[in-house]
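The values are calculated or read from the model by the stated rules, or taken from the named source; none is laboratory data. Quick caveat: nothing in here was measured; it's all calculated off a predicted structure. In this analysis, Cβ positions are derived from the backbone assuming ideal geometry, glycine residues included, and neighbour counts consider all displayed protein chains. The accessibility values were calculated without ligands, DNA or RNA, using every heavy atom of the protein model including side chains. Shrake-Rupley method; radii C 1.70, N 1.55, O 1.52, S 1.80 Å.
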Amino acid sequence: MSHRSSNAIVGIDLADEKQMVVVTDHDSKVLARKTFRCHAWDLGAALDWAGKQAAAKGFTAATVACEPTGHRWRVLGQLAADRGMPFVCVQPMLTSWARRSEDLTFDKTDEKDAVLIARLAAQLRCYVPETADQTWGRLRHLGARRAQLLVESGRQVQQMRALLECVWPAALQTARQPFRSSTWTAAITVVVDRDGGDLARTRRLGAARWEKAVRREIIRRGRKKPCMRIIRSLFAAFTDPAGVSAHRPGALERVALVLRDWRETHRRLDDTETRMTAILDQMQLTELVTSIPGLSAIGVAAILAETGDLNRFASARALVKHAGLAPRERLSGTFIGRTKLSGQGRPRLRLAAWRTVWGAQRANPVYAARFAHLTTREQNKLTVTQAQAVIAAAIPRQLHAVVTTGRAWDPAIAAHGTRTTEMPLAA
């Protein structure tokens, strides 16, 4: 990407109702500046004013630059595109560093930031943002919703776990992973809904009627065969005195309410994931990306929601850097430091790649062999987490290969060229 010298640079510091606009040349000389008291979607008049100021100073056009914070930069990018004005973004981190290196102070004003944005754009320390079409834009928004629902579901599970640990800890010991067991959640639903958390009343049902009540709840949820071990363990736990008995009725009532919210969250999550996989089918990518064993359609959709079209990345290495999964070496003279992940880029993309590791590590023979080699070799042996970081970086790299080439995943190609020595990683 480059700026034509015939273009002036319009640096804009975006805010809610105050927008600072400066027009500069390529030497960062301010040609004009003005504060606009308006919202981002009303900045069309500001761009028209900036274009006139650039033309009055002898420039043929103007390049618009801003920081990609919030949603306002997208609105500004649309307004610039409507006027045929080139649009670039400057990372806020670069602006912060430039602000400190300017005069070794922490001074921050809208006018100063707008000039710094224009200066960084003139130095080509900027990038052309992704231009997403409607399909990729929809996938990105659904991916953001899915991430939000996953966080909400986790928060609700932790809340129910904390309540049960306080008033009825024996219930949590009846299953290895209680909240992943359909039998356990159905049985708890019977306890808190039928009898309002009155364990003595539920126990008076007797073992046979208790099992029938749980079985009916299981069938109502579309399941057929409950785990009788969990059902009988919960029935035995009704008489366990551990926990704060005075708070038990109120806490179990809260568990009932949160349990309903949790089921509704899962319903919304299933609906969102169905929409995301439908978009993957619409783009005819499902069969291609799931040719990688261990990767599910929804797992890949979550990654693509954060990356956008993989064809916009010049190389797979660029995608890995975008995810913050590239190694950061520390070598100077005879000093060899510990290599860590860069941790830069998109955090949600890094999280989406991490979530695919466990399934891929078990189901994909290439990843499994890679993991075993990294954790068992004699020299430079990696820890489990470090080896998983290597696999997490390999997944987007190989996704980039299959999508950009249009060829299904080939285990021989994926395993070819494996280095025998790797730099140590720390997640």
Which links in K34/K321; K29/K108; K112/K321 stretch past 27 Å when you go from one Cα to the other? K34/K321; K112/K321
Once both axes come from the Cα atoms, what is the angle between helix 44-56 and the longest principal axis of the chain, in degrees from 0 to 90, rounded to 10? 30 degrees
Label of the coordinate-derived value, P(r) over Cα pairs in 20 Å bins from 0, in percent, listed as (1) 26, 59, 15, 0; (2) 20, 39, 32, 9, 0; (3) 24, 57, 19, 0: (2)
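Ignoring ligands, DNA and RNA, what percent of the accessible area of the range 249-393 is carbon or sulfur (1.4 Å)? Can you show the working numbers first?
Details: 3750 of 7290 Å².
Heavy-atom surface of the range 249-393 belonging to carbon and sulfur, 1.4 Å probe: 51 percent.
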Quote the accessible area belonging to S28 in square angstrom, nearest 10, computed with a 1.4 Å probe and with ligands, DNA and RNA left uncounted. 20 Å²
Can you tell me how the range 34-124 classifies by the Cα gyration tensor, rounded, prolate or oblate, using a/c under 1.5 as the rounded cut? prolate
Could you report the accessible area of R312 in Å², rounded to 10, computed with a 1.4 Å probe on the protein chains as they sit in the structure? 110 Å²
Mark the label point 7 Å from the Cα of R220 along Cα→Cβ and return the residues of the range 258-272 whose backbone N is within less than 20 Å of it. 258-268
To test your reading of the geometry: what angle, between 0 and 90 degrees and rounded to tens, separates the Cα axis of helix 365-376 from the longest principal axis of the chain? 90 degrees
Can you order the peptides 69-75, 379-385 by their average number of other Cβ atoms within 10 Å per residue, highest first? 69-75, 379-385
Surface accessible to a 1.4 Å probe, Y367 within the full protein complex, Å²: 10 Å²
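Can you compute the helix-only [θ] at 222 nm over the chain? Use -39500 (n - 2.57) per DSSP H run of at least 4 residues, normalise by all residues, nearest 500 deg cm²/dmol. Could the numbers behind the result be given before it?
Working: 18 runs with 238 residues, N = 427.
When only DSSP H runs of four or more count, the value is -17500 deg cm²/dmol.
Rolling a 1.4 Å sphere over the protein heavy atoms, what is the accessible area per residue of the chain, to the nearest Å²? Show your work: numbers first, answer last.
On the way: 22380 Å² over 427 residues.
Per-residue value: 52 Å².
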Checking rank on 370-377, 345-352, 244-251, with mean other Cβ inside 10 Å and highest first, the result is 345-352, 370-377, 244-251
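With all protein chains present, how much of the accessible area of the range 33-104 (probe radius 1.4 Å) comes from carbon and sulfur, to the nearest whole percent? Before the final figure, lay out the partial values.
Numbers: 2020 of 3870 Å².
Ligands and nucleic acids excluded, carbon and sulfur give 52 percent.
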Between helix 248-282 and the chain: long-axis angle, C-alpha atoms, 0 to 90°, nearest 10: 50 degrees
For the chain, give me the percentage of DSSP beta bridges that are antiparallel, rounded to the nearest 5 percent. 65 percent
